[in-house]
Structures are given as C-alpha cells and as structure tokens.
1. Hey, can you tell me all the residues within the range 68-124 that are crowded, with 22+ Cβ neighbours inside 10 Å and on the phi > 0 side of the Ramachandran plot?
2. Only one residue in 343, 321, 313 is surrounded by 15 or more Cβ atoms within 10 Å (Cβ to Cβ) and closer than 27 Å to residue 97 by Cα, so which one is that?
3. Pairs needed: first member in the range 219-242, over 21 Å from residue 119 (Cα atoms); second member anywhere, at pLDDT below 95; C-beta distance under 7 Å; at least 6 residues apart or different chains.
4. Keeping to the range 378-405, report how many residues are touching a helix residue (DSSP H, G or I) at 6+ places or on another chain (Cβ under 9 Å), over 13 Å from residue 364 (Cβ atoms) and not in a helix (DSSP H, G or I).
5. Strands (runs of 3 or more DSSP E) wholly in the range 147-239 with at least 2 residues that are crowded, with 21+ Cβ neighbours inside 10 Å and within 25 Å of the chain's Cα centre (by Cα) - which ones?
6. Taking only the range 287-328 into account, find how many residues are under 18 Å from residue 262 (Cα atoms), assigned to a loop (DSSP other than H, G, I, E, B) and out of contact with any helix residue (DSSP H, G or I) (no Cβ under 7 Å at 6 or more places or on another chain).
7. Only one of these conditions is not met by residue 43: (1) within 30 Å of residue 156 (Cα to Cα); (2) buried (at least 19 other Cβ atoms within 10 Å of the Cβ). Which number is it?
C-alpha cells in the first residue's frame with residue numbers, strides 16, 4: 001500500500017490526525033522562465049500531443065495551483081484562510097488585454113448567454129427589422145438567427161466563399177434598416193478573421209450596431225475593442241484565455257450603454273440596496289430602496305458567477321499580459337505555416353485562408369472521423385475532428401515536434 005506524505009507523517013506521530021490541509025494539495029511549480037516560447041514546462045507533462053487549444057485550452061500549472069488555493073479556502077482549510085478572490089483585478093486585467101475601460105466589461109456565464117442578452121437589450125425580435133450575419137459565425141448561433149427570422153426579423157446570411165466572408169458581400173448585405181450585424185471576429189470553423197473596423201464603419205454608416213463573438217480571438221491574436229469601434233462583444237474564458245468553463249466576459253461600449261434597454265435586474269448589478277422590512281431596519285415607504293450601477297455590470301450582471309475560473313484567470317491573464325499576445329501569435333504562425341504548406345501537398349483540402357494569422361488550420365475531409373480518428377488516437381494526438389472536417393489549433397506549449405508528429409500520423413489522403 002502506498003501512503004501519502006501526510007499519512008506517513010501521521011503514522012510516525014509527527015502530525016496529529018486532523019483534516020487535510022493545503023500541504024496535501026499541489027504546490028506552485030518551481031520558478032521557470034515564462035517569457036520563452038514554447039512554454040512546455042508551464043503545463044503538465046504528457047505523452048499526448050495536444051493540438052486542440054481552440055476547443056478547450058489546458059490549464060497551466062501556475063493557474064492550477066491558484067485554483068487549489070481557492071478551493072482549499074472554500075474547504076475551510078486554515079492554511080488557506082488568507083486567500084482572497086480578485087474579481088475586480090481580473091476585470092481590470094481583461095480590460096487591458098482588449099483595450100477597453102473597466103466599466104465597459106462584465107462577467108457573463110458564456111458567450112451565448114451574452115449574445116442573447118444583447119438581442120433582448122436591443123428589443124430583438126419584438127421591434128422587427130433587419131439583421132446581418134454570416135455562415136462563418138459560431139455554428140451554435142446559427143439557430144438563434146434562424147429563430148429570429150421565424151419571429152419576424154429579416155435576416156441576411158452572408159455566405160462563405162473560399163474560406164472567407166468577402167467584405168464587399170458584407171457591404172451589400174448592410175441596409176439602411178439594418179439594426180444589427182452579428183459575427184465571429186475569428187471563426188471557429190476555420191480561423192478566418194474579419195476586418196472588424198471595416199465592418200463596424202459600414203454598419204455605423206447606417207446606424208446599425210455590431211456584435212462580435214471574440215472567443216477565438218482574445219488571447220491568441222491582438223484585439224483592440226476601442227480601435228475597432230465594435231459596439232458589443234463577448235467571449236468565454238476556457239479557450240485562449242487559458243481559463244475554465246462557466247465564466248467569460250461581455251463588452252458594451254460606453255456610449256452604447258444608454259441606448260440599450262434594461263432587461264436584467266440582478267443583485268450583482270446593484271450600487272445601492274436598503275431594505276425596510278427586516279428587524280431593526282429603518283422605516284421606509286417602500287419595501288426596499290435600490291439603484292443599479294451605471295456601467296456594463298449594472299446593466300447585465302445577474303446573480304453569482306463562477307468563482308474557480310476567477311482564481312485561474314487571475315494567473316492566466318497575468319501570463320498573457322506578460323508574454324504579449326503578439327508574441328503568442330508569432331509563435332503560432334511558425335507552426336501553422338508548416339501545416340498550410342504541407343497539408344495540401346498530402347492531398348488535404350485546406351479551408352483556412354492562407355493569409356489568416358490565427359492559430360488554427362482546418363481541412364475538409366469526407367468522413368473525417370472514420371478516416372483519421374483511429375490513427376490519431378493510436379499516435380496519441382488530439383485535434384478537433386468532426387464529420388467532414390478537422391481543425392488543428394496550436395498554443396504556447398506546442399512546438400514543431402508536435403506538428404511533425406501530426407503530419408506523420410495523418411499521412412496522405
């Protein structure tokens with residue numbers, strides 16, 4: 001029987017038999033140079049060649065240690081009693097990462113939650129009108145706009161052409177009665193990236209707003225929300241922010257906030273609360289006096305949000321700000337360019353634009369799961385494989401050895 005270090009100490013009488021303490025949990029990894037790429041030592045050692053960061057990014061060892069400290073505090077571990085969550089600090093770090101003001105961002109459960117909140121705040125679909133979206137937008141949002149169409153909205157679907165959404169086609173689709181343009185800044189399908197500023201300029205010329213799903217952009221390509229002019233944006237944290245499921249961020253440009261109707265009345269959005277019904281309350285003419293904050297949190301925050309991801313993000317956002325997203329992008333390009341050059345030579349149909357500077361490469365392949373699924377599993381390689389498509393997405397821990405291992409497993413069509 002193998003005993004833990006604590007059990008050995010208890011057996012020897014060195015420690016009293018007591019509830020487990022933080023000593024039993026993983027400790028922070030030893031200091032390493034986290035400014036070098038690839039940064040393999042920042043993540044758990046594995047025989048798996050993980051090339052699927054665009055589906056869910058591994059949590060770094062440093063972030064894992066921070067999550068354990070939070071969870072130890074939740075377990076009432078005395079050794080972790082001094083732990084404090086850094087909610088406002090995480091919002092501030094995210095704001096810096098995307099060039100936004102902190103009063104323009106708020107926590108949200110998921111990207112999809114934010115997108116639907118934004119539609120309600122714009123009075124869609126009750127007010128009717130016109131929406132423009134495209135077929136490289138998040139596939140989970142396509143039914144949303146199909147439903148809006150059923151409920152009286154006019155929806156223009158800009159079609160993909162050669163792995164791109166042509167800017168001239170977006171221009172043709174935007175009309176004087178357009179209320180909203182909804183898109184993914186970077187497409188989950190193939191890594192195509194919109195010229196967001198150009199789209200915003202066209203939409204604003206007719207008085208329309210622009211919503212951008214930025215989950216596949218922030219953390220892997222530079223994002224400047226202010227410079228883009230985008231009105232609304234959102235993204236979750238479990239991809240390129242190296243966070244966890246259950247928490248993300250929404251963005252509402254400051255001058256847009258007064259133009260949205262309030263559709264949420266959550267207590268996390270309150271700036272004042274004073275009841276008049278409980279013992280020893282001051283008398284009042286109302287049950288409660290309250291006010292909402294005049295910022296994105298005041299407009300969109302509901303109740304409690306996920307806390308463990310905040311502990312993880314506190315570390316991960318520090319890393320992203322320190323290393324610089326432009327350096328992460330440059331590292332990824334050295335890897336994906338090899339794939340863009342080699343995969344077509346092996347007979348694979350590339351559907352990612354050659355000029356794309358995102359960390360994803362996708363190919364169309366009939367019966368992809370049956371064609372390559374077993375080979376990848378046998379080789380210990382993880383990528384995203386769907387019915388007729390596969391996608392490779394690289395990050396800070398990947399190197400050219402991972403790429404060559406993948407190419408060796410894929411072989412030729």
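The values are calculated or read from the model by the stated rules, or taken from the named source; none is laboratory data. Please read all numbers here as calculations on a predicted model, not as lab measurements. A quick note on method: Cβ atoms are made from the backbone with ideal geometry, for glycine too, and the neighbour counts reach across all protein chains shown.
1. none
2. Working: 343 fails: closer than 27 Å to residue 97 by Cα; 321 fails: surrounded by 15 or more Cβ atoms within 10 Å (Cβ to Cβ).
Of 343, 321, 313, the one residue that is surrounded by 15 or more Cβ atoms within 10 Å (Cβ to Cβ) and closer than 27 Å to residue 97 by Cα is 313.
3. none
4. Applying the first criterion (touching a helix residue (DSSP H, G or I) at 6+ places or on another chain (Cβ under 9 Å)) to the range 378-405 yields 378-383, 385-390, 392-400, 402-405.
When the remaining residues are screened for being over 13 Å from residue 364 (Cβ atoms), the result is 378-383, 392-400, 402-405.
Subsequent filtering for residues that are not in a helix (DSSP H, G or I) retains 380-383, 392-399.
Count: 12.
5. On the way: elements: 153-158, 178-184, 209-213, 232-236.
Output list reads 178-184, 209-213, 232-236.
6. The qualifying residues number 1.
7. So residue 43 meets the others, but not (1).
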